[in-house]
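Have a look at the structure below, then the notes.
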Amino acid sequence: MASDAAQKTILKLILSLPSPVLRAMSGGGVVYKGGRTLDPRFQFFAHAAKKLPPMSSVSPAEAVAGSAKGLAAVQGPLEPGVRTESLSIEGPNGAIPARAYRPENQDSNAPLIVYAHMGGGVIGDLETCNAFCSILARIVRTAVISVDYRLAPDHKFPAGLEDVLAAYRWARDNAGRFGAAAVPPAIGGDSMGGNFAAIIAQELQRKGEPQPAAQILIYPAVDVASETASMTTYADAYPLTRATMDWFMGHYMGADADPADPRLSPDKTLDLTGLAPAIIATAGFDPLVDQGEAYAKRLQAAGGPVLYRCYDSLAHGFTAFTGAIPAADGACREIAGLVRETFERA
């Protein structure tokens, strides 16, 4: 059996083939849905995934191991000039592992960024967003702290959210240690991490604490019981299907959890005035695309500064595909540029 390195090399060679060849290898033809055309490399992965058992059919432990192996093959390398440091943050239920990213040309006037990885609250770890956090650090020229929060089903809602909130408050108190500006950090995340980030901005407001420098919401889940059109149009999209979302929520939410609770579904909060400036990015081929766009519009209507981008040809989870899909890598760099722009406007 080929080694992981050999498999990665073979995969890179396949993905460098011309788009028509890749599409021919991936079921043939162009994947066109809801007015959008899927990136041929995402089409290749979606076609290959059909031969694997769906996540909704395996145990959480199997899903954690399988997704970690799969993402290791597609994630890009750490950005040059970015160094990392392992951290342990005191949380509500013991130590929370975390990782700091520091760029060599850090801007001491830029706020710190606290980041939460994707994974439905059930899978994922610090490696899931390793490449993307290093892109943020290098392009925004600031320190990033990635949080390894507790996961369901062993730790159901709100355990993971509470860990990220505790890590945010710790980072706010320790910004100087990381060479960042003495202002509240930005809070960010993708998918479930984006859910946490949106909730934390609201929670800080509810508690009368200062707003984050920004909220960075990448294909965020802002309504766990959403019934928008994209939930149907892209119900079978790769890698996030509607069945997978139901599987995630089945493990994440306890029996007494209410999907309308704003600490589960931040879009259920009626008043969004006074929240942090937002950078919101969605993926076209994603059941969550409509809710991310709608939340951006609501924040804007409430008077908040919002920079919104939809990457029509990409799929959910694209921040983890920077080593395999050039368009995903480009999107991640553009998002980091929007964060930098937001910081410079402040």
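Using the Cβ of residue 37 as centre and a radius below 15 Å, the other residues enclosed give a net charge of +1, where K and R count +1 and D and E count -1. Distance distribution note for the chain: the fraction of Cα pairs above 36 angstrom is 14%.
Quotient of the Cα radius of gyration of region 115-175 and 2.2 N^0.38 Å, N being its number of residues: 1.17. Model label sites at residue 173 and residue 207, defined 7 Å from Cα along the beta-carbon direction, differ in position by 1.1 nm.
Each Lys and Arg adds +1 at its Cβ and each Asp and Glu adds -1 at its Cβ; summed about the Cα centre, the chain shows a dipole of about 740 debye. Treating cross-link reach as a plain straight distance, find the lysines whose alpha-carbon is under 25 Å from the alpha-carbon of residue 207, omitting any fewer than eight places away in the same chain. Here the lysines satisfying the reach criterion relative to residue 207 are 156, 268, 297.
How much net charge surrounds residue 150 when only the other residues with a Cβ under 13 Å from the Cβ of residue 150 are counted, with Lys and Arg +1 and Asp and Glu -1? Result for the local shell: -4. The C-alpha atoms of the chain define a longest principal axis, and helix 4-15 lies at about 70 degrees to it. Each of 96, 42, 59 was scored by the projection of its Cα onto the charge dipole of region 22-100, and the greatest displacement toward the positive side belongs to 42; charges sit on the C-beta of Lys, Arg, Asp and Glu. Eigen-decomposition of the gyration tensor built on the alpha-carbon atoms of region 222-298 gives equivalent ellipsoid semi-axes of 21, 18, 9 angstrom, largest listed first.
Neighbours of residue 277, meaning other residues whose beta-carbon lies under 11 angstrom from its beta-carbon, give a summed charge of 0 when Lys and Arg score +1 and Asp and Glu score -1. In percent, rounded to a whole number, the relative contact order of the chain is 18, using alpha-carbon pairs under 8 Å and six or more apart. Here is how the number arises for the chain: DSSP H runs of 4 or more residues each give -39500 (n - 2.57), the sum is divided by the residue count, and the result at 222 nm is -12000 deg cm²/dmol. The aspartates and glutamates whose alpha-carbon is closer than 15 Å to the alpha-carbon of residue 12, local same-chain residues fewer than 8 away aside, are 4, 329. Along the chain, counting only trypsin sites (Lys or Arg not before Pro) with a DSSP assignment other than H, G, I, E or B and at most 16 other Cβ atoms inside a 10 Å radius, the longest segment between sites is 52-206. Taking Cα atoms only, the orientation of helix 242-252 departs from the longest principal axis of the chain by about 40 degrees. To the nearest 10 degrees, how steep is helix 60-74 against the longest Cα principal axis of the chain, on a 0 to 90 scale? With both axes taken from Cα atoms, the answer is about 80 degrees.
Within the straight-line cut-off of under 17 Å between alpha carbons, the lysines reachable from residue 8 are 69, sequence neighbours fewer than 8 places apart in one chain being disregarded. Over every Cα atom in region 1-80, the radius of gyration and the widest Cα-Cα span, Dmax, amount to 14.5, 41 Å. Among beta bridges from DSSP that stay inside the chain, the antiparallel ones total about 40%.
The numbers here are math on the coordinates, done by the rules we state, and not lab data. Because the structure is predicted, anything quoted here is derived from the model rather than measured. Cβ coordinates were reconstructed from backbone atoms using ideal geometry, including for glycine residues, and neighbour counts include every protein chain displayed.
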